[in-house]
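Participant: First the structure, which I've put down as structure tokens, then a few questions once you've had a look.
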Amino acid sequence: MKVTEHIVKAKGETLFSFELIPPVKGRNIKELYDNIDPLMEFNPPFIDVTTSREEYVYIDRDGLLDKKLTRMRPGTVGICASIQHKYKVDTVPHVLCGGFTKEETEYVLIDCHYLGIRNVMALRGDARSEQKYFEPTEGGHSYAVDLVHQITNLNRGKYLHEVIETADCADFCIGVAGYPEKHLEAPSLQSDLIRLKEKVDAGADYVVTQMFFDNKKFFQFVDAARNMGITVPIIPGIKPIAVKRHLQLLPQVFRIDLPQDLIDAVDSCTNNKAVRQVGIEWAIEQSKELKAAGVPVLHYYSMGKSDNIHAIAKEVF
């Protein structure tokens, strides 16, 4: 079932969903299942699985370092298929511009279609670790809107090099990212909203926001999006702070602001166990307010251990 169909079926009830990352190459998928199992108590209608950029590693070959481009966390589509089979829940693989040619993207989408995966999240992706700014892959897309166009075309039977008339066309529900505090590269929030409108006009069916810690910024973002004519569902993304270094890391990486009350609460903690509890309590209050406001889904960034997400959901759902 499509994400948008789940939202309609809920008839105004706020749904629970979460996002996870594939295990590092060579690790057992059981670790992933161990983090999913407790969260199934809250009946997520869909689960997102991220896709990692390629990165350079250095291999020692008889004293000489060989620079090689590789992916440390492959398997997004396979993991999505496995989750659908094991848990009977829909999955949303993340599809990136960065690191993929248009042809490789088409192959990923075809695999998803064959496996019965009906939802995809279309993202530009970040720059590689050694790049200061995002650089498009040769033969790939530069912007998420172009990726949305490719997926929409494929839904119509229009592939990169031919048009195929078939009754078994793909019918992907397309999610895209929104930024309540603007994308770090955008010159203004208004210009960022214009880019979001372009993605929706190109065929995006719903929006999931980047993490934020001040609900006022989310509500203002939704109002601004609606005033611009963006009518698709907007899903808030929530990430609980888990370690003290998040105070520096999250604003630096994502260009977001943290409320002073949250900063003070984390600063007063003497260890990361206490920080984790502060993060849980803050996210609970965020979630309750958002749920009361009638958001369609509360989407949690559960990138590692799921115990904090479970503690939050236990109080909210």
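Participant: Could you list all residues from the stretch 93-134 that are among the aliphatic types (A, V, I, L, M) and not in a loop (DSSP other than H, G, I, E, B)?
Facilitator: Step one: list which residues in the stretch 93-134 are among the aliphatic types (A, V, I, L, M), which gives 95-96, 108-110, 115, 117, 120-123, 127.
Passing the criteria: Val95, Leu96, Val108, Leu109, Ile110, Val120, Met121, Ala122, Leu123.
Participant: Every residue in the stretch 142-179 that is within 14 Å of Ala122 (Cα to Cα) and hydroxyl-bearing (Ser, Thr, Tyr), please.
Facilitator: Answer for the stretch 142-179, where residues must be within 14 Å of Ala122 (Cα to Cα) and hydroxyl-bearing (Ser, Thr, Tyr): Ser142, Tyr143, Thr152.
Participant: Now for a different question. Looking only at the stretch 223-234, filter to residues that are of a type in the set (A, V, I, L, M, F, W, C) and out of contact with any Gly (no Cβ under 8 Å at 6 or more places or on another chain); which one of those is farthest from Glu289 (Cα to Cα)?
Facilitator: Met228
Participant: How many of the residues making up the stretch 173-202 are modelled with pLDDT of 95 or more, under 21 Å from Val95 (Cβ atoms) and among the acidic types (Asp, Glu)?
Facilitator: Total satisfying the criteria: 3.
Participant: Can I ask one more? Select from the stretch 290-306 the residues that are modelled with pLDDT under 95 and touching a Lys or Arg at 6+ places or on another chain (Cβ under 9 Å) and list them in ascending order.
Facilitator: Selection gives Ser302, Met303.
Participant: Among the listed residues Val95, Val120, Val77, Val145, identify the single one that is farther than 17 Å from Lys199 by Cα and in contact with a helix residue (DSSP H, G or I) (Cβ under 8 Å, 6 or more places away or on another chain).
Facilitator: Checking each option against the conditions leaves just Val77.
Participant: Scan the stretch 1-46 for residues that are part of a loop (DSSP other than H, G, I, E, B) and touching a residue at least 24 places away in the same chain (Cβ under 8 Å) and report the count.
Facilitator: Looking only at that region, the number is 13.
Participant: Out of the stretch 135-170, which residues are outside any loop (DSSP other than H, G, I, E, B), of a type in the set (A, V, I, L, M) and either modelled with pLDDT under 95 or within 13 Å of Leu109 (Cα to Cα) (or both)?
Facilitator: Filtering the stretch 135-170 for residues outside any loop (DSSP other than H, G, I, E, B) gives 144-155, 158, 163.
With of a type in the set (A, V, I, L, M) added as a condition, the list becomes 144-145, 147-148, 151, 154, 163.
Those that are outside any loop (DSSP other than H, G, I, E, B), of a type in the set (A, V, I, L, M) and either modelled with pLDDT under 95 or within 13 Å of Leu109 (Cα to Cα) (or both): Leu147, Val148, Ile151, Leu154, Val163.
The values are calculated or read from the model by the stated rules, or taken from the named source; none is laboratory data. Since the structure is predicted, the reported quantities are computational estimates derived from the model, not experimental observations. Every residue, glycine as well, gets a Cβ built from its backbone with ideal geometry; the counts of neighbours run over all protein chains shown.
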